[in-house]
1. Mind listing whichever residues of region 40-68 are surrounded by 10 or more Cβ atoms within 10 Å (Cβ to Cβ), in a helix (DSSP H, G or I) and over 23 Å from the mean Cα position of the chain (by Cα)?
2. Restricting to region 24-36, name every residue that is within 19 Å of THR9 (Cβ to Cβ) and either among the aromatic types (Phe, Trp, Tyr) or part of a helix (DSSP H, G or I) (or both).
3. Output the residues belonging to region 37-85 that are of a type in the set (D, E, K, R) and under 30 Å from LEU23 (Cα atoms).
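No value in this document is a laboratory result; all are computed from the given coordinates. Please read all numbers here as calculations on a predicted model, not as lab measurements. We place every Cβ from the backbone using ideal geometry, glycine too, and count neighbours over all the protein chains shown.
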Amino acid sequence: MLSTASTTTIRVSTADRDIVQELATALGRTQQEVVHEAVERFRRNQLLQAMNAGFVRLRATPGAWEGERTERADWDITLEETAAE
């Protein structure tokens, strides 16, 4: 449940407002909860897209990608040693 202590008003199209209302009704949730979840999912998606783009650039640079793979292997060894303790 979201707190309503701090809110604001934003302009959206009537079509978007109607969709939010339909979703809220169908899900038994508030419009605020529906909008919050949509915004949070969008934010996470943008983060993942940025990370994926970064890995594409990293892989396009052979020396950098090999360095990444070496570092991962080093971390794997460290984690295995820590888990064995």
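1. Scanning region 40-68 gives ALA64, TRP65, GLU66, GLY67.
2. Residues of region 24-36 within 19 Å of THR9 (Cβ to Cβ): 24, 30-36.
If the condition is that a residue be within 19 Å of THR9 (Cβ to Cβ) and either among the aromatic types (Phe, Trp, Tyr) or part of a helix (DSSP H, G or I) (or both), then ALA24, GLN31, GLN32, GLU33, VAL34, VAL35, HIS36 are the ones that fit.
3. Result: GLU37, GLU40, ARG41, ARG43, ARG44.
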